[in-house]
Structure formats: C-alpha cells, structure tokens
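Participant: Starting off with a structure, shown below.
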Amino acid sequence: MLSKKIILHPFLFAIAPTLSLYEHNKDMVDFYYLLKPLTVSLLGGIIIFLISRKLIKNKNKAHLIASLFILLFFIFDYLFEIFLFWGYLITLLSWLVIFIAVTSLIISSQKKFDNLNNYFDLLALILVLWPIVSVAYYEYESRTFYQTLPEVNYDQNLDLSWQEPTVKPDIYYIIFDGYARQDILQSRYGYDNSDFINFLEDKGFYVADQSRSNYVQTYFSLASSLNFEYVNQATEQFQNSNNRGPIRRMLRDNKVYDFLKNNNYTFVALPATWTGTYRNTKADIFMRLDGSANNNSINANEFNTFLIDMTPLKFILTRNNRFELLKETTLFLFDHMKDIAEIKEPTFIYAHFITQHPPFIFDETGFVAPDNDCGGDGSHYYKDCPGVEEYREKYIKQLKFTNEKIKVMIEEILAKSETAPIIILQADHGSGSGLDWSSLENTDFVERRSIFNAYYVPTTTREQLYPTITPVNSFRVIFNSVFKTNLKILEDRTYFAIWPQPYNYIDITDW
C-alpha cells in the first residue's frame, strides 16, 4: 500500500516571514520574542489551510491556495508601497483581485499540481532553513565569543568592596538616545537649549557641559557605562566580526545590576522604546504598559509591530502600529516614572528613551504620525528619507517636546521621593545628522560624540563630578561617594567604529 505524500509548504510559508524578520534583526531581538509570533503564525497557517481544505476538495489545490493566501498576506506591505499613491483601499482591492484571479486559475485547471506542490515544498523549506541556520551560527559564535570574555574582560583586580551607607537613595539611570550637547545644538542646529539647562541647574542638577560618549553605538556605550569599564580589551578579538551578540550579553549581565542587587536594591525595569534594550531577566519588577507590575512580563514589543506592519493588519490593529506603540511607550515612561518613588525599598531604575533618535514622531505639541518609515540614524536614515535640513528640523521639534516632558517628570520624581534620589539623565551618544556609518572621514564625529549628561546627586558626589566626565565614570563616581568603594576614575576616551565593523575601534578623543 502506497503512503500518502505529506505537503508542508502552507505551514512552512506561514512561519518563514517571522523567522526571516528575526534573522534580519537578531542583533537586537532576543529569541524570547520569537516564540509568540511564531506560534501565532503557525496556528494561522493551519487555520487557513483547514478553511481551504474545507472549501476545496482537491487536496493539492487546497494546499496551493492556502499558500497563495499566506504569501500574499505577508507581502501586503510591498504591494502597499507600489500602490501608495492610491492608498489602502486600492491596495486591498488589488490584493483581492490577485488572490481571486490566481485562485480561479488553480480551481479551473485540470492539472494535478503534484510537481508544483513539490517545488513549493522545496522553496518553503529553503526559506525556513536559511534563517534557522543563520541564527544558529550567530548564537554559536556569540556564545563562543562570550565564553572567552572572562579571560580578557575588565580589570580582574577591580575593587568592589563597599561600606553600608546610612541612606540608600533610589537611583534613576535614564538614557535619552542621541540627545546632543548644548553647544552642538547651537552650532549644528541653531537652537539655544539654555532654558532647559537652566531649569535642571535650578533644580540642583550638575550638567557636564563638555561631556562626550565613550562609544558612538548604543550597545557599546551602554555596555561600557553599566559595567563602568571600557569594552575594548574584552572585545579586541572580535575585530573582524559584526556579531553584536557578545556586547549584548555584556549589557545584560552588567556590574551595576549585580553591585546594587548585592546591596539589596530592587531593580525596576520599564517598557523600553527600543527593542535592543527591552527585556532584562534580572529585573525584580517590570512595569507593563497597562500600569500593572509583573516580574519580567511584557504585553507588546517592537518586533511584533514590525511583523504586523508587513500585513493588512497594520491598518486594523492600530495599537500595534510601530509608531503608535512607540508613542504609547514613550508617554508611559514619562507619566509613570514618578510611581517608582512610592516603592519602599531602595530601587534602581533603568529607562531608555529614543525621543532624540529617528523616527521623529513628536513635534512641540505632541504625537505626529510620520509620513515615512525613517527609523535608522545618520546615513541609515538618509537612505530612505530626506536630507540633513529635515532631520535637524524634526530633531529640534522633538527635542522641545522631550524637554517639557522631562521637566514635568523631574518635578514629579522629586516631589514624591521621601529621600533625595540620584538621577542620571544621559545620552548614549550624540545626534546623527552628520553621521556616515560607513566612513569616519565623512562623519561629523564631534557631533556624534558630544552628549547631554546631567546628574542629580548628593553634595559629596557633586564635588567629584567634572565638566568632561564620560559615562564610563558615572557609576564609579557615584559608588565611590555613596558606597565608599575605591574605584579608580578612568581616563575619559571616545571610540568610533563603522556599522559593519563595530569592534574595530578608532580612538577619536583628541581629534
């Protein structure tokens, strides 16, 4: 008795786009975020096939029509780009016409479609296996690299002995991605930011007006500041690699978290406005967008919105639209930062805003839906979007919005805090209007390295701050003054690397 051939391509096509999107963004998205959309995609593919099989008795034709629907479903955004001038309804009608026309041809055909189903199985298998193999190699390389880090990582004689402080203040580490220094805003953008700086200084902040970033890419900058150490020595073996996995792991498993946990701090994580820093397994409390607090729970993320944006659902599930989610998350962070002050235990709060990084979704008055999908920075932004003048104009509009929200947030935190907190407002790198990711020579590196950096700290800590302090020394100064550690203040250096070779550092401190 002959066995029946199993046809798998509808189910493989259903999961292929999710796997492909994950593979394309593997540097920024944890595997954790793949599980839910992958499950939903597979269940969706099964449902589409069952409906097709119910309506069409011929099994071969039912498989082909199910795959046709699934493929068209995931390429809807490409069709929308073609019919952009005519809008969503014309795109949807065109999509339906294509589906109905090809379905009619399949149903009316007298062919058995055995060979075509075989070809579809092969094609679907390739589309699934390619990202799986790519991600598997990436994870293997990343883990292998990371396992070697302790041998070269940091100063093994680092003195982290400490004394119990009389008072343990809440510590807010708030990153404003790409927030430029005041003199850069004046010289490059023609904007005087002194009103905002004066507000902070009037509230007791120390503003380091000559501060620079240590690195010009987010992962490297934050991995350095949260480990209060340069990452060059630890990663010099990766110079020819573009695998950012090791640096992501250094960011996740950092010394600031560990040190404060050992001092009985509660680590509060908030929904991030960038997937790359979204989930942290060390968090004791994770604040959800609905306002509830769960241990490491989430209810929305940027990866899901990118996937939805590929399909017709982008116009139906508006809450999951990427820009809507970014708006919702940004406003949530500003509005709920004050709630953390009500937690009785000493807390460490890490929050990451991208309000000074494309996409520019706010103007002075609030949310403005972008008319283009410009999410990259520097030359990545200019690849698909207008030039420098528009970048700078939108940057300043969003800066004005950000400044006003920060003012309110600071007022609320200080009003609700029983003990004076420590607040670090810091950029991970400067703005990117003159950034060329493929060339240092074509980059305005002075703009890129010059950062906003402000501290609300006790007087004893303030006395140790200085105008040129860089993020690598932020927690060294704070831990030395609050916890009486004996950490050496490092020389303040800045390193540049092009995007394709993130570990090939060039020292631009004295340029």
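The values are calculated or read from the model by the stated rules, or taken from the named source; none is laboratory data. These numbers come from a predicted model, not from an experiment. Cβ atoms come from the backbone with ideal geometry, glycine included; neighbour counts cover every protein chain shown.
Participant: Considering only region 197-222, how many residues are in a helix (DSSP H, G or I), out of contact with any Ser or Thr (no Cβ under 9 Å at 6 or more places or on another chain) and touching a residue at least 12 places away in the same chain (Cβ under 8 Å)?
Facilitator: We begin by selecting, within region 197-222, every residue in a helix (DSSP H, G or I); these are 197-202, 218-222.
Add one more test, that the residue is out of contact with any Ser or Thr (no Cβ under 9 Å at 6 or more places or on another chain), and what stays is 197-202.
Among the residues that remain, those that are also touching a residue at least 12 places away in the same chain (Cβ under 8 Å) are: 197, 199-200.
Going through region 197-222 one residue at a time, the tally reaches 3.
Participant: Has region 463-476 got at least one residue that is surrounded by fewer than 22 Cβ atoms within 10 Å (Cβ to Cβ), in contact with a Leu (Cβ under 6 Å, 6 or more places away or on another chain) and at pLDDT 95 or above?
Facilitator: Within region 463-476, one or more residues are surrounded by fewer than 22 Cβ atoms within 10 Å (Cβ to Cβ), in contact with a Leu (Cβ under 6 Å, 6 or more places away or on another chain) and at pLDDT 95 or above.
Participant: Let me ask something else about it. Considering only region 24-35, I want to know if a residue exists there that is at pLDDT 90 or above, in a helix (DSSP H, G or I) and buried (at least 20 other Cβ atoms within 10 Å of the Cβ). Give the steps one after another, and end with the answer.
Facilitator: Initially, region 24-35 is screened for residues at pLDDT 90 or above, giving none.
No.
Participant: Give region 226-240 a look and list any residue that's in a helix (DSSP H, G or I), within 22 Å of the chain's Cα centre (by Cα) and modelled with pLDDT of 75 or more, or say none.
Facilitator: At the first step, the residues of region 226-240 found to be in a helix (DSSP H, G or I) are 226, 232-238.
Filter again for within 22 Å of the chain's Cα centre (by Cα), leaving 226, 235.
Correct list: L226 only.
Participant: Scanning region 376-429 for residues that are part of a helix (DSSP H, G or I) and small (G, A, S), which turns out surrounded by the fewest Cβ atoms within 10 Å (Cβ to Cβ)?
Facilitator: Pass one, region 376-429, residues part of a helix (DSSP H, G or I): 379-382, 388-416.
Going one step further and asking which of them are small (G, A, S), we end up with 379, 415.
Details: S379: 17, A415: 9.
The extreme case among them is A415.
Results for (1) farther than 14 Å from F69 by Cα; (2) part of a loop (DSSP other than H, G, I, E, B); (3) modelled with pLDDT of 90 or more, shown as yes or no for each residue.
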position: L89; (1), (2), (3): yes, no, no
position: L92; (1), (2), (3): no, no, no
position: W95; (1), (2), (3): no, no, no
position: F99; (1), (2), (3): no, no, yes
position: T103; (1), (2), (3): no, no, yes
position: K111; (1), (2), (3): yes, yes, no
position: Y119; (1), (2), (3): yes, no, yes
position: I126; (1), (2), (3): yes, no, yes
position: S134; (1), (2), (3): yes, no, yes
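Participant: Please count how many residues of region 438-453 are part of a loop (DSSP other than H, G, I, E, B) and crowded, with 24+ Cβ neighbours inside 10 Å.
Facilitator: First, the residues of region 438-453 that are part of a loop (DSSP other than H, G, I, E, B): 438-444, 452.
Of the ones still in play, those that are also crowded, with 24+ Cβ neighbours inside 10 Å are 452.
Qualifying residue count, region 438-453: 1.
Participant: Further, regarding this structure: Report whether or not L313 is at pLDDT 90 or above, part of a helix (DSSP H, G or I) and surrounded by fewer than 17 Cβ atoms within 10 Å (Cβ to Cβ). Walk me through it before giving the result.
Facilitator: Working: at pLDDT 90 or above: no; part of a helix (DSSP H, G or I): yes; surrounded by fewer than 17 Cβ atoms within 10 Å (Cβ to Cβ): yes.
No: the conditions fail for L313.
Participant: Follow-up. Residue check: is L435 touching a Lys or Arg at 6+ places or on another chain (Cβ under 8 Å), part of a loop (DSSP other than H, G, I, E, B) and surrounded by fewer than 17 Cβ atoms within 10 Å (Cβ to Cβ)? Spell out the reasoning first.
Facilitator: Values: touching a Lys or Arg at 6+ places or on another chain (Cβ under 8 Å): yes; part of a loop (DSSP other than H, G, I, E, B): yes; surrounded by fewer than 17 Cβ atoms within 10 Å (Cβ to Cβ): no.
Taking the combined requirement at face value, the residue does not satisfy it.
Participant: Moving on. Go through region 388-404 and give me each residue that's under 17 Å from F334 (Cβ atoms), under 21 Å from the mean Cα position of the chain (by Cα) and not hydroxyl-bearing (S, T, Y).
Facilitator: If the condition is that a residue be under 17 Å from F334 (Cβ atoms), under 21 Å from the mean Cα position of the chain (by Cα) and not hydroxyl-bearing (S, T, Y), then Q398, L399, F401 are the ones that fit.
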